[in-house]
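A.B. asks: After the C-alpha cells below, expect a handful of questions from me.
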Amino acid sequence: MMESGVPICHTCGEQVGQNANHELFVACHECNFPMCKNCFEYEIKEGRKVCLRCGSPYNENLLDEVQGKAPGNESTMASHLNNSQDVGIHARHISSVSTVDSEMNDEYGNPIWKNRVESWKDKKNKKKKHAPKPEKEPAEIPPEQQMEEKPFADAAEPLSVVIPISRNKLTPYRAVIIMRLIILGLFFHYRLTNPVDSAYGLWLTSVICEIWFAFSWVLDQFPKWSPIDRETFIDRLSARYEREGEPNQLAAVDFFVSTVDPLKEPPLITANTVLSILALDYPVDKVSCYVSDDGAAMLTFESLAETAEFARKWVPFCKKFSIEPRAPEFYFSQKIDYLKDKVQPSFVKERRAMKRDYEEYKVRVNALVAKAQKTPEEGWTMQDGTPWPGNNTRDHPGMIQVFLGNTGACDIEGNELPRLVYVSREKRPGYQHHKKAGAENALVRVSAVLTNAPYILNLDCDHYVNNSKAVREAMCILMDPQVGRDVCFVQFPQRFDGIDKSDRYANRNVVFFDVNMKGLDGIQGPVYVGTGCVFNRQALYGYGPPTLPSLPKNSSSSSCFSCCCPSKKKPTKDPAEVYRDAKREDLNAAIFNLTEIENYDEHERSMLISQMSFEKTFGLSSVFIESTLMENGGVPESVNPSTLIKEAIHVISCSYEEKTEWGKEIGWIYGSVTEDILSGFKMHCRGWRSIYCMPLRPAFKGSAPINLSDRLHQVLRWALGSVEIFLSRHCPLWYGYGGGRLKWLQRLAYINTIVYPFTSLPLIAYCTLPAICLITGKFIIPTLSNLASMLFLGLFISIIVTAILELRWSGVSIEDLWRNEQFWVIGGVSAHLFAVFQGFLKMLAGIDTNFTVTAKAADDTAFGELYIVKWTTVLIPPTTLIILNLVGVVAGFSDALNKGYEAWGPLFGKVFFAFWVIFHLYPFLKGLMGRQNRTPTIVVLWSVLLASVFSLVWVKINPFVNTVDSSALAQTCISIDC
C-alpha cells in the first residue's frame, strides 16, 4: 500500500483507486474519508448520502464517474491485507513477532531483532514467489468467491452512524452567527469613531475589553459551526463479533482507576468504581481493572482486598438480574421501584441478602478507615508481620498485587471474574514523578506487560460505570472498520450525582458537554477531558493513524479551511514519503541503516527500525517493546506469569522514563496540571480524530465539589493548566503546523481552551467600570442617536437569538445556560485571575503551586457541603466587586436624588450595568453567606442594600437640606422687580 502511495478503503480494505482524471478518488471533499469507487456506489444505492465520518452530504455528481470501474485496481481483501503486512513501513505492522522468544532471551534484544528480521525475510520471500504483479496481471476473483463475499458485504452494516443536526435548526443558527458578526463590525466602528472625551480613560478601557470579548466569542462559537449527533448499534456489534459457536472476537479493554489519598478520596467510593467495572456487561476475559495507588496507602490495599472478596457475590448478582447501575452504593440508594421489569421470583429475596452483605462489607471498610486515622509510630505492618513497603510515601519500591483473574478466584457460582490488579509505582527522592500523568503512564506500561489490551479506558476514582453497556457503545466506534481505524479515543460526557437541583455553581457543565463537544465532534473530534475516555493504545504510543489520506491536486484549494498548512505553493510529496516522515517525527527515532546485512537494498533497510531506537523511545524493557508491536494486543499464554510480574515491577521503577520519550511524545504528556488537554492535543496534531459518544443512559457518573471554595479551586487548577500550556512549546498558537493535520476549527477550539483564563483581566476591569461610572458621574457611552440606539438594540437581540437557537439544536435548558453564564463571571474574576498570575510566576520565578486533592465525601445531610464556606484568597476579588457595585448603586441613586429629575435618565444605563454584575455574582454571594441560620439570602441582600441607600442618602443631602448657592441667589434677587 505504502509503496504505491495510495490509501486503502476503510470499508473493504482495497485501494481507493483513481478517478477519470487519473487523480486520487475522493468521496467526501470535507474530510477526505478514504473510500473506493465500489463502496461509494454501494453507499449511494443504499440511500446513505452523507459521509459516515463527518456527516457532510456526498457530491452526487460523482456517480457518473464512479460507474467506470478500473479492474486493475480490484483485489481481494485478504490478499490486500497480506500485502499491507509485507510492505508496512513500520515494525509495529509485523504481527508475527513473538513475545515468548523475547521472554526466554537476554534483555539486550538480540534474539528479538533476529526474530524480527527472519520473519520479515520470510514474508518478503513469500511475497516474491506468490504475489501477482498488479501492473501486468490484474488479480481475478473467482465467481464462487464473488458470490460468497457479496452476502457478507450486504450484512456488514455500519456499527455507528452520524446524525446531522436538522437544517431547520442549524441554518438559522449559522445565519444569526453571520448577522451577529456584521453587527459587531458596525458596533466597533461606532465605538471607535465616537470616543467619550469627558471619560476617555474609561471609554478606552471599555473598548479594549469589548474587543477581547468579541474575540473570545469567535473562538468559542465557530468550533460549533457543524454540530452532529451519533447513533450506535450494539446489536450489530454482537451479531458481528459474538456469533454462536465461534470464539468471542470483541476487543479487550484495560481499565485504569487512579487514586492518591484514601482519606480525601474514600476507599468506599473507589471500591464502588471498581465493582461497577468488574460487573460490566462484557466478556470477563476481555476486562482487566488496574487500580493505581499513588499514595502507597495500606488502607487502599486492604480495602481493595475486601472489594475483591465482595465482588465474588456482587458480580453474579448484577449479571443475573441485569442491575443498573452496578455500583452498589448508588444502586441501593435509588428511590425507584426496584421491582420494575424484574419478574424472577427469587429477586426480592436475593436483593435483600445482597443488601445485607453490602452493609456488612461497608462496616468492614469503614473499620479500616477508622483504623487508618492514626498511623502507628513504627508504621503499618502486614498480616505476615513484615512492614508495609509504602510506609514512607515518598520513598518506597514498586508494588503490584493481582487480586482476581489468573489467580484462580471465581465468583460464588464458579464463573471466572475479570482481572483486578493493584499497582503502586516506585517513588524515590530526587525524581520527578509528574503526579497523575506519571501514574497513568506507569499503568500503560504495566498493563502492556500483563494483559496488553488494544484499548484503554481511564476513570477517576469517583466516576463509576453507570451504564453496563458503555464499553460496547465505544466498541461500536472503535471496532467499526469504516470509522475506527483513525480514531485515537472515544470520549463520553461527564455526568454527576449529588448536585443541588438548581446547580448553583454550574457543576454539571451542561453547556460544555452538550453544546461545545457536539460541535467539536463535527470537526476533528472532542477534546480529552481526563476521565470516561476509551483510548486506542497505539495512539498513546505516539504513532500516527494507520492511514493518512493524501489530498487530490484539484481539492487543495477546497481544503484550505480544514487543514492548517495548505500546500498550494509547495510541491506535493509522495504520500509514502509523508507517511514515513511522520512516523519518524512521531517516534523521534532514527532509522537503522543495516549496512552489515547483505542482499538488502536501500529501500528494504529503511523498512526496519532498530531495537536501539525503540529503547530510546519506550525504555529498556524488551517485553514492553514487543507489546508495542502487537497492534491487536494480547499476551502469549505460554509466558510465565511470574516473569511478567517481575518485568511489570521493572517498568514502574522511577528511573525507567529517564532519557525516553515518555511524557514528551508518548503516553500522557507532562508539563501541565491539565495533562488531559495536552495529551489529546498531541494526538490530534498527529492526524488522529476523536469521537463523542452520548448514549441515552449516561455511561459514567461521578461526584463533584459542590461548595463554593472547592469548586473555585477546581476551576483554578484547570485554568492554571491552560496557562501552562499557553506558555509552553505546545501552545496551539504555534505548535503542530508542520504536517497540516490539525484542522483550523479544531485549532481555534484548542486556542480557546488555553486563552480563556486571560479573559479574567478584561472581565474584572469591565465589572469595575459600572461602579466607577456611578461614583464619578461619568459614562463610557456618549449620548445615543437613533441609529446608534438601533445598533445597540440589534446587538442585544442577536445575542439573545443566538442563545435561543443554540438551545434549540442542543436541547440544553435556559436555566443551564444562565448558570453557565453566571459562573463564567464568578470563575473569571476569581480563579482565572489567580491562575494567570500563578502561571506567570511559575514561568518567570519558578514558583510551583501544589494543589491538594479535592475531598470526594459529602456530609450525611442532603447537599451538606453546599453550605460550607472555606475562606481563601480566591474569594477576595469577587467580594470586592460586589461591595464596589453596591456602593456605586447607592452613590448613583443619592446623586440622582440630589440633582433632580434630569439626572434619572443617564442613571438608568449606569445602574443597568451595575445590576448586570450583581446578578451574575449573586450565586457567589449566596454561597459566601452559607446558611445564615436558614435566613433567605435575598432578605439579607436587600436589607444590606436598602440600609446602605438610606444611610448614604442621609449623609449626601445633609438631612434633606439643600446647600444655598449665593451666586444663584444674587441673580434671582436682581431679576426681582421691586
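A.B. asks: Being surrounded by 12 or more Cβ atoms within 10 Å (Cβ to Cβ), at pLDDT 50 or above and among the small types (Gly, Ala, Ser) is the filter here; which residues of segment 138-175 pass it?
C.D. replies: 156, 160, 175
A.B. asks: Quick check: is even one residue across segment 358-372 part of a loop (DSSP other than H, G, I, E, B) and more than 25 Å from residue 290 (Cα to Cα)? Give the steps one after another, and end with the answer.
C.D. replies: Taking segment 358-372 and keeping what is part of a loop (DSSP other than H, G, I, E, B), we get 372.
If we keep only those that are more than 25 Å from residue 290 (Cα to Cα) too, we end up with none.
No, segment 358-372 contains no residue that is part of a loop (DSSP other than H, G, I, E, B) and more than 25 Å from residue 290 (Cα to Cα).
A.B. asks: Mind telling me which of the residues 305, 327, 296 ends up being open to solvent by 20 Å² or more (accessible area, probe 1.4 Å), under 30 Å from residue 424 (Cα atoms), aliphatic (A, V, I, L, M) and in the same structural domain as residue 462 (by the TED database)?
C.D. replies: Testing whether each residue is open to solvent by 20 Å² or more (accessible area, probe 1.4 Å), under 30 Å from residue 424 (Cα atoms), aliphatic (A, V, I, L, M) and in the same structural domain as residue 462 (by the TED database) leaves just 305.
A.B. asks: Of the conditions (1) farther than 30 Å from residue 798 by Cα; (2) not in a helix (DSSP H, G or I), residue 237 fails just one. Which one is it?
C.D. replies: Among (1) farther than 30 Å from residue 798 by Cα; (2) not in a helix (DSSP H, G or I), the lone unmet condition for residue 237 is (2).
A.B. asks: From (1) free of Cβ contacts under 8 Å to residues at least 12 places away in the same chain; (2) over 19 Å from residue 683 (Cβ atoms), pick out the condition that doesn't hold for residue 758.
C.D. replies: Residue 758 satisfies every listed condition except (1).
A.B. asks: Moving on to the next point. How many residues does segment 630-658 hold that are at pLDDT 85 or above and in a loop (DSSP other than H, G, I, E, B)?
C.D. replies: Count: 7.
A.B. asks: With the requirement that a residue be open to solvent by 30 Å² or more (accessible area, probe 1.4 Å), among the β-branched types (Val, Ile, Thr) and more than 16 Å from residue 436 (Cα to Cα), what does segment 260-275 give you?
C.D. replies: The one that is open to solvent by 30 Å² or more (accessible area, probe 1.4 Å), among the β-branched types (Val, Ile, Thr) and more than 16 Å from residue 436 (Cα to Cα): 269.
A.B. asks: Looking at the structure I just gave you, is residue 702 under 17 Å from the mean Cα position of the chain (by Cα), in contact (Cβ under 8 Å) with a residue 40 or more places away in the chain, closer than 30 Å to residue 331 by Cα and open to solvent by less than 10 Å² (accessible area, probe 1.4 Å)?
C.D. replies: yes
A.B. asks: Residue 800: in a helix (DSSP H, G or I), at pLDDT 85 or above and more than 26 Å from the chain's Cα centre (by Cα), yes or no?
C.D. replies: In short, yes.
A.B. asks: From the set of residues in segment 451-471 that are under 15 Å from residue 631 (Cβ atoms) and not in a loop (DSSP other than H, G, I, E, B), which is most open to solvent (accessible area, probe 1.4 Å)?
C.D. replies: Applying the first criterion (under 15 Å from residue 631 (Cβ atoms)) to segment 451-471 yields 452-456.
Then keep just the ones that are not in a loop (DSSP other than H, G, I, E, B); that gives 455-456.
On the way: 455: 30, 456: 0 Å².
Top of the filtered list is 455.
A.B. asks: Is it true that some residue in segment 772-779 is part of a loop (DSSP other than H, G, I, E, B) and surrounded by fewer than 22 Cβ atoms within 10 Å (Cβ to Cβ)?
C.D. replies: Yes, segment 772-779 contains at least one residue that is part of a loop (DSSP other than H, G, I, E, B) and surrounded by fewer than 22 Cβ atoms within 10 Å (Cβ to Cβ).
A.B. asks: Which residue, of 799, 725, is in contact (Cβ under 8 Å) with a residue 24 or more places away in the chain, open to solvent by less than 30 Å² (accessible area, probe 1.4 Å) and outside the structural domain of residue 689 (by the TED database)?
C.D. replies: One residue alone meets the criteria, 725.
A.B. asks: Can you tell me which of (1) open to solvent by less than 50 Å² (accessible area, probe 1.4 Å); (2) part of a helix (DSSP H, G or I) is the one residue 740 doesn't meet?
C.D. replies: If we test residue 740 against (1) open to solvent by less than 50 Å² (accessible area, probe 1.4 Å); (2) part of a helix (DSSP H, G or I), just (2) comes out false.
A.B. asks: Pairs under 6 Å by beta carbon, first residue at pLDDT 90 or above in segment 287-305, partner of a type in the set (Lys, Arg), six or more apart or different chains?
C.D. replies: Qualifying pairs under 6 Å: 288/419.
A.B. asks: Continuing with this model, one more query. Checking the structure you have, find out if any residue of segment 519-532 is among the hydroxyl-bearing types (Ser, Thr, Tyr), crowded, with 24+ Cβ neighbours inside 10 Å, assigned to a loop (DSSP other than H, G, I, E, B) and in contact with an Asp or Glu (Cβ under 9 Å, 6 or more places away or on another chain).
C.D. replies: Within segment 519-532, one or more residues are among the hydroxyl-bearing types (Ser, Thr, Tyr), crowded, with 24+ Cβ neighbours inside 10 Å, assigned to a loop (DSSP other than H, G, I, E, B) and in contact with an Asp or Glu (Cβ under 9 Å, 6 or more places away or on another chain).
A.B. asks: Consider residue 793 carefully, then state whether it is open to solvent by 10 Å² or more (accessible area, probe 1.4 Å), out of contact with any Cys (no Cβ under 7 Å at 6 or more places or on another chain) and more than 20 Å from residue 823 (Cβ to Cβ).
C.D. replies: Criteria met by residue 793.
The values are calculated or read from the model by the stated rules, or taken from the named source; none is laboratory data. This is a predicted model, so every value here is computed, not measured. Note that each Cβ is placed from the backbone with ideal geometry, even for glycine, and that neighbours are counted across all protein chains shown. Ligands, DNA and RNA are excluded from the accessible area calculation, which covers all protein heavy atoms including side chains. Shrake-Rupley method; radii C 1.70, N 1.55, O 1.52, S 1.80 Å.
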